[in-house]
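As structure tokens, the structure follows; a few thoughts come after it.
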Amino acid sequence: MNDTHPVPPEINEKIEGRSPRPSIAPRARQDQRARRVFFIITLLPVFLILAVTIALLVRAWPILQAYPLGDLLFGQVWKPSDKLFGFGPFILGTLWVTVVGVLLSVPPCLLASIYLAEYAHSATRSFTKPVLDLLAAIPPVVYGVWGLLAIVPFVEKVLAPFAKRWLGSVSIFSVNQPTGFSILSGGIVLAVMIAPLIISVVYEIFATVPNDLRHASLAVGATQWQTIRNIVLPQVTPGIIAAIVLGASRAFGETIAVLIVVGNVPQIPTSIFDSAYPLPALIANNYGDMMSIPLYDSALLGAALVLLVIILIFNILSTLVLQRMLRRKWA
Amino acid sequence: MDTHIQVKDLNVYYGKQQALKDVNIEVPKKQITVIMGPSGCGKTTLLKSLNRFLELTDGTRITGEVLVDGQNIYDREVDVTEVRKIVGLLAQRPAPLPMSIYDNVAYGMHIHKMRNDRKEYKAAVRHYLEIAGLWEEVQKRLHDPASSLSIGQQQRLCLARGLAVEPEIILGDEPTSALDPISSQNIEARLLDLKQQYTTVIVTQTLRQAKRLADHVIYMYMGEVIESGPAKEVFTNPKHERTRQYLEGLF
């Protein structure tokens, strides 16, 4: 930022007699000033993240002081009126919904991006990419309503009876609450929501592998699939993992669409057909109500802090990996 | 002349643009055929029609036939991986696979499951590294990444990798254009050694290289084959005005 500009000789001549240190031409000074202003504007988002984190920390401080962190994170009972503030059910609820969403989303997304990057005709590609972007532009509340009208009944009337009949002995598939408002419904909605993100990031990662490598493999008579498996996939694996983590962090923070279909029962889930109460839903549903209960406000903002920290870690890690991969140079 | 490859009425289009026009040539067996011509004349397109690499580009349309030992490689019955196993390609820039030196040479053999056990693979890797003139330099570092080699060594590694799947034909797409003079000489020497056993087709931009290597010459201009024949005849007594101009360096 503090690089000085070379002073044009004619100006330098003019000022030489006056000052031992060459001063800066007005034009250059203007440049420098503008540069500083823009730099500060660019830094604003960074300050914003810090500010939000600090504000949450300050507001959550009372509850962090009142209870040990372990009790808050792993406490299993949420009863603010009885001064019980266990985030456990919410954290677990978020994890369950996220994991189910990611597990459902990743296999088809990987296959789709491999197809798009390696097999599809360029015409198919130029048609599919905008459609995927469109999918990403649908507002979450619309996904939520779709989940409520289509997925919840589907889980209730088709998947739950099916699981009851065939998978009853496996505890994570046992049907304890046959309403359809369940982790599975939330997971299905999330899987669809994060698909465009995962597909487009993985596709970009595949595009960083130079064609020379593919051709070298094809030239000795390898099939396209052998080339992908032996040459391309080993190159892109870290990027695929980063894309999945990015998708997971998106799923982790998704609020409204999940809130509508997941049932919002603060319990420790044991089956994908159980209802759950994810962290974002807790905050969205309750902040602003019942604020007279002592520490309630602080507890909710503590939950927000937990959510923010987890998502920040996920995002920073995956962004670092992805940036390195997208910028990598080939010998 | 014993013909190995025969190209019949080959036309190639990239989208609406025609890259090859009614190409009819014959490539003699176990000799070096050099394709010459100004840039953009379709040399590389013709070369890549011989191992079906053209179809890797979307929007390419190909009509006509390419017969290798009398079999049309564009026939629907023909497995493209078999074609590419028989017709090896040495690319313009060496493209070592992101694995060890050893694994680069063994790669194609593994793909085609050509050996039975580790010992046989080891012996074969050594054999082809020797043929490519690289064994001496790399025998102590076979498990280093291939990218640690110099660019000239990388190109010889690519040659070894190509030869390891036992092709009958070697294609070279300006295989020395990215190399320094010593490495280029080295590759040229390899190709001359190998012509006893392989039919070789080389694209080159340099006339001197063509004169050093060629037994048989194909001269192309604007997607058409202007002249083809034994090197001696074409170089000393070109039949075509354009060929003569090119050889004299008029363009």
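I want to confirm something. Restricting to the range A:161-185 and keeping residues that are touching a Gly at 6+ places or on another chain (Cβ under 7 Å) and surrounded by 23 or more Cβ atoms within 10 Å (Cβ to Cβ), which single residue is nearest to A:Asn315 (Cα to Cα)?
Looking at residues that are touching a Gly at 6+ places or on another chain (Cβ under 7 Å) and surrounded by 23 or more Cβ atoms within 10 Å (Cβ to Cβ), I get A:Ser185.
Kindly indicate whether any position in the range B:102-112 is on the phi > 0 side of the Ramachandran plot and of a type outside the set (A, V, I, L, M, F, W, C).
So far as the range B:102-112 goes, no, none of its residues is on the phi > 0 side of the Ramachandran plot and of a type outside the set (A, V, I, L, M, F, W, C).
Every residue in the range B:131-157 that is within 13 Å of chain A (Cβ to nearest Cβ) and surrounded by fewer than 17 Cβ atoms within 10 Å (Cβ to Cβ), please.
Result: B:Pro145, B:Ser147, B:Ser148, B:Ser150, B:Ile151.
Has the range A:101-119 got any residue that is more than 14 Å from chain B (Cβ to nearest Cβ), hydroxyl-bearing (Ser, Thr, Tyr), farther than 30 Å from A:Ser292 by Cβ and crowded, with 16+ Cβ neighbours inside 10 Å?
yes
Out of curiosity, is B:Tyr107 closer than 24 Å to B:Thr200 by Cα, in contact with a Lys or Arg (Cβ under 8 Å, 6 or more places away or on another chain) and either away from chain A (no Cβ under 12 Å) or modelled with pLDDT of 95 or more (or both)?
So B:Tyr107 passes the test.
When only residues in the range A:227-243 that are aliphatic (A, V, I, L, M) and without any contact (Cβ under 8 Å) to a residue 60 or more places away in the chain count, which is farthest from the other protein chains (Cβ to nearest Cβ)?
A:Leu233
Pick from A:Phe314, A:Phe273, A:Phe252: which is among the aromatic types (Phe, Trp, Tyr) and farther than 23 Å from A:Trp146 by Cβ?
Within the list A:Phe314, A:Phe273, A:Phe252, the selection yields A:Phe314.
So is B:Ala91 in contact (Cβ under 8 Å) with a residue 60 or more places away in the chain, within 14 Å of chain A (Cβ to nearest Cβ) and of a type in the set (A, V, I, L, M, F, W, C) or not?
Answer is yes for this residue.
Restricting to the range B:214-233, what's the tally of residues that are out of contact with any Cys (no Cβ under 7 Å at 6 or more places or on another chain) and within 18 Å of B:Leu47 (Cβ to Cβ)?
Number satisfying all stated conditions: 12.
Given the structure, is B:Glu168 away from chain A (no Cβ under 14 Å) and either farther than 21 Å from A:Ile231 by Cβ or modelled with pLDDT under 95 (or both)?
Working: away from chain A (no Cβ under 14 Å): no; either farther than 21 Å from A:Ile231 by Cβ or modelled with pLDDT under 95 (or both): yes.
Answer is no for this residue.
If a residue counts only when it is touching a Leu at 6+ places or on another chain (Cβ under 9 Å) and buried (at least 21 other Cβ atoms within 10 Å of the Cβ), which strands (runs of 3 or more DSSP E) contained entirely in the range B:1-114 have at least 3 such residues? Spell out the reasoning first.
Details: elements: B:3-14, B:17-28, B:32-36, B:60-68, B:87-90.
The qualifying strands (runs of 3 or more DSSP E) are B:3-14, B:17-28, B:32-36, B:87-90.
Hey, can you tell me all the residues within the range B:41-86 that are on the phi > 0 side of the Ramachandran plot and within 14 Å of chain A (Cβ to nearest Cβ)? Working first, answer last.
Going residue by residue through the range B:41-86, those that are on the phi > 0 side of the Ramachandran plot are B:42, B:52, B:59, B:64, B:69-70.
Within the range B:41-86, B:Arg52, B:Gly59 qualify.
Considering the range A:273-331 alone, what residues qualify as being free of Cβ contacts under 8 Å to residues at least 24 places away in the same chain, within 27 Å of A:Ile63 (Cα to Cα) and over 18 Å from the mean Cα position of the chain (by Cα)?
Correct list: A:Asn286, A:Tyr287, A:Gly288, A:Asp289, A:Met291, A:Ser292, A:Leu300.
Can you confirm whether B:Gln245 is among the polar types (S, T, N, Q), assigned to a helix (DSSP H, G or I) and at pLDDT 90 or above?
No; evaluated as a whole, the condition is false for this residue.
Please specify each residue of the range A:73-96 satisfying the condition of being among the hydrophobic types (A, V, I, L, M, F, W, C), touching a strand residue (DSSP E or B) at 6+ places or on another chain (Cβ under 6 Å) and buried (at least 16 other Cβ atoms within 10 Å of the Cβ).
Once the filter is applied, which keeps residues that are among the hydrophobic types (A, V, I, L, M, F, W, C), touching a strand residue (DSSP E or B) at 6+ places or on another chain (Cβ under 6 Å) and buried (at least 16 other Cβ atoms within 10 Å of the Cβ), the range A:73-96 yields only A:Trp96.
Can you pull out the residues in the range B:194-236 that are among the charged types (D, E, K, R) and free of Cβ contacts under 8 Å to residues at least 12 places away in the same chain?
Hits for the range B:194-236 are B:Arg208, B:Lys232, B:Glu233.
For the range B:190-218, which positions are in a helix (DSSP H, G or I) and of a type outside the set (Lys, Arg)?
Residues satisfying the conditions are B:Leu191, B:Leu192, B:Asp193, B:Leu194, B:Leu207, B:Gln209, B:Ala210, B:Leu213.
Among (1) closer than 26 Å to A:Ala242 by Cα; (2) out of contact with any helix residue (DSSP H, G or I) (no Cβ under 6 Å at 6 or more places or on another chain); (3) within 14 Å of chain B (Cβ to nearest Cβ), where does A:Ile138 come up short?
Result: A:Ile138 fails condition (3) only.
Considering only helices (runs of 4 or more DSSP H) fully contained in the range A:1-117, which possess at least 1 residues that are modelled with pLDDT under 85, over 30 Å from A:Phe252 (Cα atoms) and aliphatic (A, V, I, L, M)?
Hits in the range A:1-117: A:9-16.
Given (1) more than 10 Å from chain A (Cβ to nearest Cβ); (2) in contact (Cβ under 8 Å) with a residue 40 or more places away in the chain; (3) touching a Phe, Trp or Tyr at 6+ places or on another chain (Cβ under 9 Å), identify the lone condition not met by B:Ser100.
(3)
Look through the range A:192-223, keep the residues that are among the polar types (S, T, N, Q) and more than 9 Å from chain B (Cβ to nearest Cβ), and return whichever of them is surrounded by the most Cβ atoms within 10 Å (Cβ to Cβ).
Taking the candidates together, the pick is A:Ser200.
The values are calculated or read from the model by the stated rules, or taken from the named source; none is laboratory data. Quick caveat, the model's predicted, so the values are computed rather than measured. When we count neighbours, we look across all protein chains shown, and the Cβ atoms used for this are built from the backbone with ideal geometry, even at glycine.
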